[in-house]
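The values are calculated or read from the model by the stated rules, or taken from the named source; none is laboratory data. Please read these numbers as outputs of a predicted model, since none were measured by experiment. Counting neighbours? That spans all protein chains shown, and the Cβs are built from the backbone with ideal geometry, glycine included.
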Amino acid sequence: MSIELKNVTYTYSPGTTYAITALKNINLQIPEGQFLGIIGHTGSGKSTLIQHLNALIRPTEGEILYHGKNIWDEDYDRRKLRSEVGLVFQYPEHQLFENDVLSDVCFGPMNQGLSREQAEVEARKALASVGLKEKHFKKSPFELSGGQKKRTAIAGVLAMNPKYLILDEPTAGLDPRGRDEILDQIAYLHKERGISIVLVSHSMEDIAKYASRLIVMNHGEVAYDGTPREVFQNYRELEAMGLAAPKMVYIMHELSGRGLNVDVNASTVEEAKESILAALKEKKSPLQGKAVSAEKKQDPLSARSEAAAGGAAGEEQV
Amino acid sequence: MIRDITVGQYYPAESVLHGLDPRTKLFGVLVFIISVFVFRTFPGYLVATIFLVGMIALCKVPPSFIFRGLKPILFILALTMVFNVLLTPGEILWQWKFLRITREGLVLAAKMAIRLVYLVIGSSILTLTTTPNQLTSGMERAFRPLNRLHVPVHEVAMMMSIALRFIPILLEETDKIMKAQIARGADFETGNIIQKAKNMVPLLVPLFISAFRRANDLAMAMEARCYHGGDERTQMKPLVYSAKDRIAYLILLAYLAAAILFRITGW
């Protein structure tokens, strides 16, 4: 049970002077149940890639298999595929069109052939799982705030009960609080409802925190594919691509370079905190006196990371 | 899907025609259009053909690109030819009941076809070698005398260039919204006309909203930079004629003179 890309190549406007090859010979397998992060700078082909996954774009070469079947076969039901592989575009709030929030979310399920009543049941479930309150349901989508619009749009895809949920930079244009809320909601959907997630993002921190697998796109090719920890070891190469590892990776490398025995691959604030505290403890016990200077240096940092970790935990409950 | 439509159909290349002043090219197209109507005989059309082939050779645009512009007029072309062939009175060559083909009809149809095809090719050479921005600034300069008559030349030119500038943006936006709605199971292809029109709502509402939002942003940005219309406004790249343009004008005038000469001598 997976989405599989075999030698997929895609060229925009082939045969003209404007031809651009956006994807070059991509081979990729996305098993069900994964939380996959995709990173790459602007123009690296990540948006083109995800539009292949639900048959919005037909590859110029190569094939895409969903559960082992080629989705571009003559008799393949691509509408059904699109309801199983839900895609939320960047700035999804720009797709809202109905008179009220509930009707807009009903659009997807009704296209699947549900009656208005059944669709409303699905819509209410979806809106609840993105955390939009009942009092907004009858409002015009255009009266909502940016974050609420975004959640309405995500609910619009979620209401179709997809097995895969693909999100293209769902946090673009949101403040830090709105960003954490959306991402926590997505992590919750992954955990509680078992939906496979593909998250396209610019933020290394977000990917490090949520994704279990990370793909780095560069010039239309997969540059790295592995766990975030593995990928972030190549932080110098990432920089050469115009990307960067999470800030924690830099701090840990710096600390390690100055002689503190920390885990250089720690990429989230939480991991870094544990590792620094452990390293400090280790340093303190055998050589009490010498560790003082190092401890002084690290103290404000671990205090800050604790505060940040506490803050994130606090927002998760919101 | 929608990205494949070329709008304004500018073809980037480095050729003599690309480098000419847009006013020269506008004048050139005008002269060519006039000549196509002034020539009446086949030797005359031969001169026009030589001129046109020369231009195609000069502009460095692949001919397949130039002839692509003919596709939309094929139907009109066929229709006028059929009517001209069948309905012109004269020396009858072939008759079946009320349908008849005359010698005069064939000649007239051929001339009509040549005129139509030449007009389209001539003007597409202009749009293929001139960016929309150059074109509007050329028109703005050429029509400036109309300011005396209180025609808001600058404003009209500005509106034209903004409209042209926004076509690709709106096309891209349409493509994006369309895909987003298809991802939610929308269907833009099947159904009868009423069903199809209804299915357009999820596309049109967001598109209009986005167009208004963009217009609003643009107006704000222009006002923030103190835009206040045409009076005393200078251009960043003022149009200046070069030696090439002067030569082009001479060639065009010679060509126009030849056309008039052909007409007067009745060739």
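Things to note:
- Out of B:122, B:105, B:138, sole residue that is under 19 Å from the mean Cα position of the chain (by Cα) and in the same structural domain as residue B:55 (by TED's automatic domain parsing): B:122
- Residue B:213 away from chain A (no Cβ under 14 Å) and not aliphatic (A, V, I, L, M): no
- Residue A:190, sole failed condition from (1) within 14 Å of chain B (Cβ to nearest Cβ); (2) modelled with pLDDT of 90 or more; (3) under 23 Å from residue A:215 (Cα atoms): (1)
- Just one of the numbered conditions (1) out of contact with any Pro (no Cβ under 7 Å at 6 or more places or on another chain); (2) surrounded by 17 or more Cβ atoms within 10 Å (Cβ to Cβ) is not true of residue A:173: (2).
- Hits in segment B:62-86 - residues which are among the small types (Gly, Ala, Ser) and modelled with pLDDT under 85: B:64, B:69
- Restricted to segment B:127-206, the set of helices (runs of 4 or more DSSP H) holding at least 2 residues that are away from chain A (no Cβ under 14 Å) and surrounded by 13 or more Cβ atoms within 10 Å (Cβ to Cβ) comprises B:132-142, B:153-183.
- Checking segment A:42-60 against the condition returns a match, with at least one residue being assigned to a loop (DSSP other than H, G, I, E, B), buried (at least 20 other Cβ atoms within 10 Å of the Cβ), among the small types (Gly, Ala, Ser) and on the phi < 0 side of the Ramachandran plot.
- Only residues that are assigned to a helix (DSSP H, G or I) and exposed (fewer than 10 other Cβ atoms within 10 Å of the Cβ) were counted across segment B:75-94, and they come to 1.
- Being surrounded by fewer than 20 Cβ atoms within 10 Å (Cβ to Cβ), over 30 Å from residue A:136 (Cα atoms) and either facing another protein chain (nearest Cβ under 9 Å) or without any contact (Cβ under 8 Å) to a residue 12 or more places away in the chain (or both) is a description that does not apply to residue A:7.
- Here the condition is being within 14 Å of chain B (Cβ to nearest Cβ), modelled with pLDDT of 90 or more, in contact with a Gly (Cβ under 6 Å, 6 or more places away or on another chain) and within 24 Å of residue A:43 (Cα to Cα); of A:165, A:199, A:214, it holds for A:165 alone.
- The numbered conditions (1) under 30 Å from residue A:57 (Cβ atoms); (2) without any contact (Cβ under 8 Å) to a residue 60 or more places away in the chain; (3) in contact with a helix residue (DSSP H, G or I) (Cβ under 9 Å, 6 or more places away or on another chain) are all true for residue B:76 except (1).
- Figure legend. Inter-residue proximity from segment A:119-131: first residues free of Cβ contacts under 8 Å to residues at least 24 places away in the same chain and assigned by TED's automatic domain parsing to the domain that holds residue A:154, second residues in a helix (DSSP H, G or I) and not polar (S, T, N, Q), beta-carbon distance below 7 Å, spacing 6+ or different chains. Indicated pairs: A:120/A:102; A:120/A:106.
- Listed conditions (1) free of Cβ contacts under 8 Å to residues at least 40 places away in the same chain; (2) in the same structural domain as residue A:149 (by TED's automatic domain parsing) are all met by residue A:84, apart from (1).
- Answer from B:57, B:13 - the residue that is surrounded by fewer than 16 Cβ atoms within 10 Å (Cβ to Cβ), among the aliphatic types (A, V, I, L, M) and within 14 Å of chain A (Cβ to nearest Cβ): B:13
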